[in-house]
Amino acid sequence: MKKYSIISFFYGHFAVNFFIVLSGFCLTIPLIKHNTLSLNGGIILFYKKRFKRIAIPYYLAVAFSLLLILSLIGKNTGRHWDVSLPVTGKSIVTHLLLVQDVFSETMFKINHALWTISVEFRIYLFFPLLLWVWRKFGIAATLLLTVVISVIIFLIATYANTHYNLGIEQSLDGVNPYIVLFALGMLAAHISLSSNHKAARLRAGLPWLIICIALFVLVFAIQRFPAFANLPYSFEYHDVLFGCWTLSFLVLVSGDKVPFLKRILSFRPLVFAGTFAFSIYLIHAPLIQVIWQYIIAPMGLGEVTSYYLMVFIGTPFIVAVSYLFYLFCERPFMNHKKPAFSTNQDNYNPLTDDALNRP
């Protein structure tokens, strides 16, 4: 029973992959809808909006995490939270500069979930370049460029570690392979919504439901083959494969061939939670530790019972606190504020109709 209780969270890193693809998808949607591949207001305005939307709530989450560490959860307890400790001067500086993910020593410090925000923010720096390449050479060249960027970053990191022992985290190398996933999201938006005849042919001509199911099965089956699992950097290849599945899923649910999926995604409580999902992600890790350390652990329960208590009691608590964080630390910095629910629920698609609100 313990095995099947935990297995549902074993592939949690896939959620990171999904949301990186979703970020590329959502940032590209407004451009596709307006039939342009140029940033409205220019590059500088884009960077300012991204900083306001992403970095300010992130910095407030760092401060929130440090406050909890100083007051409640600053000691090792043998739980996963221990990777966030101890807090050092280097970890604080790298978090402020949004580069903690670059170094193995600081990647998980302060709040072990926040490294992904640094990755995502850095990918946004490449977004204007990716759009320029798309305008000049097409979406295929854009996708190829992200692969080249990943390889170059990997080679630079390898050289730096070999010759200068910089302790760069080579499993990620700053943006590798996530910039490829981001570009897959851009491609998903193009296929889903573009009036371009090639995109329209792909959208209408391919069996996206079959592709989605096949890739889903492949993602979870391929790692069981030793020939794949033993490949160098198979983890990164696996992430890209999952990114391809996410692309197919986004194209599928953006259309009208699977209305039941769209109805599920448009379920009002789910849409409401989606409005502050970024806040949930930012502060869930320290809150989990607070709940475990001060509520669950003192009860002396078994692991399975503790697990279910965390899921059914801890989750609502985390969601409630995250909503308060959203109201005070995220929503004031959103570039486009809109109601949590559409007035026309039947035609509402949370993936495409609320893209500008997403981080």
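Taking first residues from segment 124-153 that are hydroxyl-bearing (Ser, Thr, Tyr) and partners that are outside any helix (DSSP H, G or I) and surrounded by 15 or more Cβ atoms within 10 Å (Cβ to Cβ), the Cβ contacts under 9 Å between residues at least 6 apart in sequence or on separate chains come to Thr146/Val175; Thr146/Pro177; Ser150/Asp173; Ser150/Val175; Ser150/Asn176; Ser150/Pro177. For segment 93-128, the set of residues classified as over 18 Å from the mean Cα position of the chain (by Cα) and not in a helix (DSSP H, G or I) consists of Leu97, Phe103, Ser104, Glu105, Thr106, Lys109, Ile110, listed by residue number.
For segment 39-49, a residue qualifies if it is touching a helix residue (DSSP H, G or I) at 6+ places or on another chain (Cβ under 7 Å) and at pLDDT below 95, and exactly one does: Leu39.
Answer yes or no as to whether Val253 is at pLDDT below 90 and touching a Lys or Arg at 6+ places or on another chain (Cβ under 8 Å).
On the way: at pLDDT below 90: no; touching a Lys or Arg at 6+ places or on another chain (Cβ under 8 Å): yes.
No; evaluated as a whole, the condition is false for this residue.
Here are some residues: Ile69, Ile56. Which one is assigned to a helix (DSSP H, G or I) and surrounded by fewer than 21 Cβ atoms within 10 Å (Cβ to Cβ)?
Only one candidate qualifies: Ile56.
Checking each residue in segment 78-98 for being surrounded by 17 or more Cβ atoms within 10 Å (Cβ to Cβ) and touching a residue at least 40 places away in the same chain (Cβ under 8 Å) picks out Trp81, Ser84, Leu98. Residue check: Ile110 meets all listed conditions (1) surrounded by 15 or more Cβ atoms within 10 Å (Cβ to Cβ); (2) farther than 17 Å from Ile168 by Cα; (3) touching a Phe, Trp or Tyr at 6+ places or on another chain (Cβ under 8 Å) but one, namely (3).
Applying the criterion of being of a type in the set (A, V, I, L, M) and in contact (Cβ under 8 Å) with a residue 12 or more places away in the chain to the residues of segment 47-64, the residue that is farthest from Thr88 (Cα to Cα) is Ile54. From the list Phe220, Phe216, Phe225, the lone residue that is within 25 Å of Ile139 (Cβ to Cβ) and out of contact with any Ser or Thr (no Cβ under 7 Å at 6 or more places or on another chain) is Phe216. Leu131 falls short on exactly one of the conditions (1) buried (at least 16 other Cβ atoms within 10 Å of the Cβ); (2) outside any loop (DSSP other than H, G, I, E, B); (3) touching a helix residue (DSSP H, G or I) at 6+ places or on another chain (Cβ under 6 Å), and that condition is (3).
For segment 241-249, the count of residues that are at pLDDT 95 or above and more than 14 Å from Asn17 (Cα to Cα) is zero.
Yes/no per residue for (1) free of Cβ contacts under 8 Å to residues at least 12 places away in the same chain; (2) part of a loop (DSSP other than H, G, I, E, B); (3) touching a Lys or Arg at 6+ places or on another chain (Cβ under 7 Å):
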position: Leu209; (1), (2), (3): no, no, yes
position: Cys212; (1), (2), (3): no, no, no
position: Gln223; (1), (2), (3): no, no, no
position: Ala227; (1), (2), (3): yes, no, no
position: Phe249; (1), (2), (3): no, no, no
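Checked against (1) of a type in the set (Ser, Thr, Tyr); (2) over 24 Å from the mean Cα position of the chain (by Cα); (3) more than 30 Å from Ile295 (Cβ to Cβ), Thr77 passes all but a single condition, namely (3).
The values are calculated or read from the model by the stated rules, or taken from the named source; none is laboratory data. Computed from a predicted structure; not experimentally measured. All Cβ positions, even for glycine, are placed from backbone atoms using ideal geometry, and neighbour counts span all protein chains on display.
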